[in-house]
Amino acid sequence: MLLYEFFSTFASRTKNERRGKKNKKKGNMATIIYPSPIFGPVNSRRLGVSLGINLMPNDGKVCSFDCLYCECGFNADFRPKHKRPTRQEVKKALTEVLKKRHENHEPLDDITFAGNGEPTGHPDFKAIVEDTVEVRNQYFPEAKLSVLSNATYIYKPEVREALMLVDNNILKLDTVDMDYIKKLDRPQQPHYDVKDVIEDLKKFDGHVIIQTMFLCGDGMDNTSEQYVAPWLEAVKDIKPQQVMVYTIDRETPDKLLEKASHETLDAIKARVEALGIKCTASY
């Protein structure tokens with residue numbers, strides 16, 4: 001999975017730069033809290049040399065989901081004391097990093113909005129994306145811009161407008177079953193409704209990459225026909241440019257979760273491709 005690959009690569013390469021914490025609710029785990037506003041770059045199999053932008057505080061997590069599989073831990077265990085970086089701070093830090101890499105002839109293939117939570121929740125998200133496009137074009141015009149998002153804020157026109165500016169608009173849709181979503185993704189917004197999210201995903205007119213986590217364990221399992229068939233119908237309606245299916249790749253806060261098998265992911269991938277939609281599977 002792209003997000004796990006991006007985060008996992010960063011974690012392995014910058015072990016001494018990140019802060020590992022212990023989750024007291026589900027046992028010990030090395031929780032990754034990323035530097036802010038810039039971290040990396042990392043070497044991603046799909047994105048190449050990729051620089052991360054973290055719009056959350058550097059001492060905790062701010063997310064509209066509270067996923068059982070999030071390697072940043074549970075929201076309640078990592079409440080930040082610091083503020084989010086400002087638009088000005090992000091642009092300044094990004095400019096400094098890109099300018100230095102350009103002067104040193106260091107390669108850069110991609111800039112990805114990721115980090116300790118949901119990037120589109122930043123109040124200046126659209127302006128920050130616009131600034132990033134400007135700075136990218138000045139130093140690395142060939143580099144792609146990517147966003148890893150849980151899609152909880154795409155009901156906002158300004159967020160959709162911002163996501164239309166990036167090359168890889170990667171949005172989460174783990175299932176279309178609200179009961180399952182409440183157990184696994186645990187939305188923090190009282191008004192969250194996956195039906196509304198699907199309607200908003202259609203508004204991108206294909207400029208979207210759907211990303212779906214398949215797993216089992218601890219009462220979770222979205223790999224059966226009960227979940228896969230209606231999810232495929234939603235994917236068909238959304239008409240994304242691509243779908244990414246994946247399973248857990250790192251230690252999770254809920255230690256009872258288990259990976260979906262290669263065979264399961266390959267079968268789901270084949271069904272997506274049968275719809276005429278490009279699909280990748282990460283194990």
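Plainly put, the chain has a radius of gyration that is 0.94 times its Kirkwood radius, both from alpha-carbon atoms, as the Rg/Rh ratio.
Output the Kirkwood hydrodynamic radius of segment 123-273, Cα pairs only, in Å rounded to one decimal. The answer is 16.6 Å.
Most fluctuating residue of 130, 161, 225 in a GNM of the chain with Cα springs under 10 Å: which is it? For the chain, modelled as a Gaussian network with Cα springs under 10 Å, the answer is 225.
Loop-located trypsin sites (Lys or Arg not before Pro) across segment 33-87 with a Cβ neighbour count of 14 or fewer within 10 Å are 45, 81, 83, with loop assigned by DSSP. With both labels modelled 7 Å from their Cα along Cα-to-Cβ, the residue 92 to residue 46 distance reads 3.4 nm.
Given the pairs 81/126; 61/83; 203/236; 183/269, which span a C-alpha to C-alpha distance of over 19 angstrom in this model? Intermediate results must be reported in sequence, preceding the final value.
Details: 81/126 24 Å; 61/83 11 Å; 203/236 14 Å; 183/269 24 Å.
Pairs exceeding 19 Å: 81/126; 183/269.
Once the Cα atoms are used to define both axes, helix 125-139 deviates from the longest principal axis of the chain by about 60 degrees. In this structure, the amide hydrogen of residue 111, modeled 1.01 Å from its nitrogen in the peptide plane, lies closer than 5 angstrom to those of 51, 144, 145, 146, counting only residues at least 5 positions away or on a different chain.
With r defined as the distance between the Cβ atoms of residue 164 and residue 250 and R0 fixed at 45 Å, what FRET efficiency is calculated, to the nearest 0.05? Don't jump to the answer; show the numbers that get you there.
On the way: r = 31 Å, r/R0 = 0.69.
With R0 = 45 Å, the Cβ-Cβ based efficiency is 0.90.
Database note for the chain: Cys without another Cys beta carbon under 4.7 angstrom, 63, 72, 216, 279. A simple rule links phi to the HN-Hα coupling: the Karplus curve 6.51 cos²θ - 1.76 cosθ + 1.60 with θ = phi - 60°, which for segment 35-52 gives x, 9, x, 10, 9, x, x, 10, 9, 9, 4, 8, 9, x, 7, 10, 9, x Hz, with x for Gly and Pro.
Here the spin labels are modelled as points 7 Å beyond Cα on the Cα-Cβ line, and at residue 133 and residue 106 they lie 2.7 nm apart.
Computed from phi, the 3J(HN,Hα) profile of segment 203-217 under the Karplus parametrisation 6.51, -1.76, 1.60 (θ = phi - 60°) reads 5, 7, 6, x, 7, 7, 10, 7, 10, 10, 8, 10, 7, 8, x Hz, with x in place of Gly and Pro. Under a 5 Å amide H cut-off, with hydrogens placed 1.01 Å from N, residue 38 pairs with 54 among residues at least 5 apart or on other chains. Model label points for residue 79 and residue 239, set 7 angstrom from Cα along the Cα-to-Cβ axis, are 4.6 nm apart. Taking θ as phi - 60° and the Karplus parameters 6.51, -1.76 and 1.60, the scalar couplings of segment 163-172 work out to 5, 6, 8, 9, 7, 10, 8, 9, 10, 7 Hz in sequence order, x denoting glycine and proline.
Can you show me the helix-derived [θ] at 222 nm for the chain, built from DSSP H runs with n ≥ 4 at -39,500 (n - 2.57) apiece and divided by the number of residues, rounded to the nearest 500.
Result for the chain: -10000 deg cm²/dmol, rounded to the nearest 500.
Under the convention that each Lys and Arg Cβ holds +1 and each Asp and Glu Cβ holds -1, the size of the dipole of the chain around its Cα centre is about 1000 debye.
Here, each number is a calculation from the coordinates, and none is a lab measurement. For clarity, every value in this text was computed on a predicted model and none was experimentally measured. In this analysis, Cβ positions are derived from the backbone assuming ideal geometry, glycine residues included, and neighbour counts consider all displayed protein chains.
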